[in-house]
1. Pull up the stretch 44-71, narrow it to residues that are in a loop (DSSP other than H, G, I, E, B) and basic (K, R), then point me to the one that is modelled with the highest pLDDT.
2. Going by what's in this entry, would L232 be described as surrounded by 21 or more Cβ atoms within 10 Å (Cβ to Cβ), more than 11 Å from the chain's Cα centre (by Cα) and free of Cβ contacts under 8 Å to residues at least 40 places away in the same chain?
3. Residues L163, L177, L108: which one is in contact with a helix residue (DSSP H, G or I) (Cβ under 8 Å, 6 or more places away or on another chain) and surrounded by 15 or more Cβ atoms within 10 Å (Cβ to Cβ)?
4. For the stretch 52-70, which residues satisfy the criterion of being touching a Lys or Arg at 6+ places or on another chain (Cβ under 6 Å) and closer than 16 Å to A298 by Cβ?
5. How many residues does the stretch 168-218 contain that are over 13 Å from the mean Cα position of the chain (by Cα), among the charged types (D, E, K, R) and assigned to a strand (DSSP E or B)?
6. Determine if the stretch 132-150 includes at least one residue that is surrounded by 15 or more Cβ atoms within 10 Å (Cβ to Cβ) and of a type in the set (K, R).
7. Does the stretch 233-241 include one or more residues that are out of contact with any Phe, Trp or Tyr (no Cβ under 8 Å at 6 or more places or on another chain) and hydroxyl-bearing (S, T, Y)?
8. Taking the stretch 266-285 as the region of interest, how many residues are assigned to a strand (DSSP E or B) and crowded, with 20+ Cβ neighbours inside 10 Å?
Amino acid sequence: MITALAQAQPSPSPSPGAAAPRERQPPAAGQSVEEVGEGEVLRISANLVSVPVSVIDRQGKYVVDLQQKDFRIYEDGVEQLITHFSNIDQRFSVVLLMDTSGSTASFLGQMKGAAKSFVEQLRPLDTVQPVYFHGEIKPLTAKSISDPNLLGGAIDHMSPGPLNMGTRLYDAVDFALSVLKPVSGRKAVILFTDGENTWGKATMKSTLHDAEESDIIIYTLQYGDAPAQKYLQQLAEKTGGRYFMAADGNTLRRSFAEAAEELRRQYVLGYHPNELAPRGQERKIRVKVNRQRVAVRARRSYTYNP
């Protein structure tokens, strides 16, 4: 189930009171509408359904010049009127959540380098709070900040945990969700870990549930050459993020960079459903765009849980 806690971005030209989808002309000759079925976090505020969307061309580059009129959105096959729209140039808040338990010691230098490269991409309004964890959860700054120099210095203070302290992965995820919960705007957790949890109060089930019902996107980076961890895959899938395997320093750095770019390149579409779903009922979503040779990445469904 997904419950929205954040407001969607307002449309530049909202259409209050509209209850039926706008009449639209079919795509012009030569145009194509394609989509892929993965997506971003979906939020519901009151009766507003808000869906971040990424549009990518065939060279893998994000398409950044689309307007509201270029999009069409459907719920259970019925076209909906888009009443809220925001472009890609939006600030974001991130918790960088990094596992420094004993098993990560050989990756610590690479992790620091990748994390510092990530914060160097920040724009003035973007904020990050770096946090590392092992048997304890240790924020490196008292709050989210945007100064790359201060963040880089804080990241340098990460240290590996003793082998006998274990790893509180689920508690760390719970901590990151609680930090971002009251924050407005776009927000995400970037989690670097091998996926092992040895003890703590939170559980796999509780954190997956809380993550799914939040409006926080989680990007998971699994280091090493171990088999893919289902928990990390589910965190990304349920929140509309992405799962990466980071087997070496170059892959790790590239994964951090891709997560940052995707956060920055999302549109947000909002609509009020023509018919409210009964509580707990799943609704299918489909997003299309009138642009040649592009793919749309948007969430496939949501569950109404007011």
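The values are calculated or read from the model by the stated rules, or taken from the named source; none is laboratory data. Predicted model only: the values in this text are computed from it and were never measured. Heads up, the Cβs are rebuilt from the backbone with ideal geometry, glycines too, and the neighbour counts pull from every protein chain shown. These accessible areas exclude ligands, DNA and RNA; they are computed on the full protein's heavy atoms, side chains included. Shrake-Rupley method; radii C 1.70, N 1.55, O 1.52, S 1.80 Å.
1. Looking at residues that are in a loop (DSSP other than H, G, I, E, B) and basic (K, R), I get R58.
2. It is false that L232 is surrounded by 21 or more Cβ atoms within 10 Å (Cβ to Cβ), more than 11 Å from the chain's Cα centre (by Cα) and free of Cβ contacts under 8 Å to residues at least 40 places away in the same chain.
3. Selected residue: L177, the only one of L163, L177, L108 that is in contact with a helix residue (DSSP H, G or I) (Cβ under 8 Å, 6 or more places away or on another chain) and surrounded by 15 or more Cβ atoms within 10 Å (Cβ to Cβ).
4. Of everything in the stretch 52-70, those that are touching a Lys or Arg at 6+ places or on another chain (Cβ under 6 Å) and closer than 16 Å to A298 by Cβ turn out to be S54, Y62.
5. Qualifying residue count for the region: 0.
6. yes
7. Looking for residues that are out of contact with any Phe, Trp or Tyr (no Cβ under 8 Å at 6 or more places or on another chain) and hydroxyl-bearing (S, T, Y), one finds at least one in the stretch 233-241, hence yes.
8. 6
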